[in-house]
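S.K.: I have a structure I would like to understand better, so I am pasting it below and will then ask my questions one at a time.
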Amino acid sequence: MEFTTDIFSLFDKKWALLTAGSMEKFNSMTVSWGGLGTLWGKSVATVYVRTSRYTHEFLDREDWFTLSFFPENCRDRLLLLGTKSGRDMDKMGGSGLEALPCGKGVAYREAEATLVCRKLFMQPLDPARIPSDIREKLYAHDAPHDLYIGEVTELLR
Ligand SMILES: Cc1cc2nc3c(=O)[nH]c(=O)nc-3n(C[C@H](O)[C@H](O)[C@H](O)COP(=O)(O)O)c2cc1C
């Protein structure tokens, strides 16, 4: 499996769509915080999801998730999926993206690349261990982030 990227801009600048669930019921949200690396001898992807996100419920319930990366012309759709919640509306139906079944999860026809991930680990980020300047800026008024690590089992292009 070969995935060549500038890891420091992949999430930060390009963004990704994090999706969990099955074709019958799934939810996606935009993420720009995450990483790719190695853990326990496996290729892994890490994402950070606030507990308030609807997608968080799916991630907790499901054993798999996908991370999809899109061309620039899909940015408005990623912005929509990153500003509306599936809890309040049928945002997946109106996303303008075509969902596809992929092995254990859901991918998108428009994606340039999709990482299929088996959930390996989840842990809340302990506020006490976060530097106070960051804690005050990012967590004074918003829900905490939980960290999810998935084994990248497949790369779809
Ligand atoms: C560019 C961008 C990046 C984002 N990155 C994250 C992230 O890494 N983690 C997170 O919890 N929320 C992130 N969000 C916010 C969620 O995508 C947003 O709250 C979304 O509406 C949640 O949808 P849901 O409630 O249907 O899960 C981001 C939003 C945007 C626009």
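Since every read-out is calculated from the coordinates, none of them should be taken as a lab result. Since we're looking at a predicted model, the values are computed, not measured. All Cβ positions, glycine included, derive from the backbone under ideal geometry; neighbour counts span all protein chains shown.
S.K.: Relative contact order (percent) for segment 1-113, with alpha-carbon contacts under 8 angstrom and 6 or more residues of separation?
M.R.: Relative contact order here is 30 percent.
S.K.: Provide the FRET efficiency to the nearest 0.05 for the Asp88-Asp142 pair, computing r from the beta carbons and using R0 = 22 Å.
M.R.: It comes out at approximately 0.80.
S.K.: Another one. Taking amide H positions as placed in the peptide plane 1.01 Å from N, state which residues far from Gly34 in sequence (5 or more) or on other chains have amide H under 5 Å from it.
M.R.: none
S.K.: Arranged from highest to lowest average of other beta-carbon atoms within 10 Å per residue, in what order do the peptides 127-136, 65-74, 91-100, 4-13 appear?
M.R.: 65-74, 91-100, 4-13, 127-136
S.K.: Rounded to whole Hz and in sequence order, give me ³J(HN,Hα) for segment 103-109 from the Karplus expression 6.51 cos²θ - 1.76 cosθ + 1.60, θ = phi - 60°, writing x for Gly and Pro.
M.R.: My calculation for segment 103-109 gives x, 9, x, 10, 10, 10, 4 Hz in order.
S.K.: Could you give me the ³J(HN,Hα) list for segment 47-58, computed from phi with Karplus coefficients 6.51, -1.76, 1.60 and θ = phi - 60°, whole Hz, x at Gly and Pro?
M.R.: Residue by residue, segment 47-58 yields 10, 10, 10, 5, 5, 7, 6, 4, 4, 4, 4, 5 Hz.
S.K.: Follow-up question, since we're still on this one. Per-residue HN-Hα couplings for segment 120-132, Karplus 6.51 cos²θ - 1.76 cosθ + 1.60 at θ = phi - 60°, whole Hz, x for Gly and Pro?
M.R.: These are the phi-based 3J(HN,Hα) values: 10, 7, 9, 7, x, 7, 5, x, 5, 9, 9, x, 4 Hz.
S.K.: Using amide H atoms built 1.01 Å from N in the peptide plane, name the residues 5+ places from Trp15, or on other chains, whose amide H lies under 5 Å from its own.
M.R.: It is none; the list stays empty.
S.K.: For every other residue with a beta carbon closer than 14 angstrom to the beta carbon of Met23, add +1 if it is Lys or Arg and -1 if Asp or Glu, then tell me the sum.
M.R.: Counting the neighbours of Met23, the net charge comes to 0.
S.K.: So, one more: For segment 104-150, what's the relative contact order in percent, using C-alpha pairs closer than 8 Å and at least 6 residues apart?
M.R.: Worked out over segment 104-150, it gives 50 percent.
S.K.: Now, a different point. Please list the radius of gyration and Dmax for the chain, considering alpha-carbon atoms only, with Å as the unit.
M.R.: 15.0, 42
S.K.: What nm value, rounded to one decimal, do you get for the distance between Lys13 and Tyr48 when each label is placed 7 Å out toward the C-beta?
M.R.: Placing both labels 7 Å beyond Cα along the Cβ direction yields 2.0 nm.
S.K.: Can you list residues from other chains, or at least 5 along the same chain, whose modelled amide H is less than 5 Å from the amide H of Leu120?
M.R.: Result for Leu120 returns Ile149, Gly150, Glu151.
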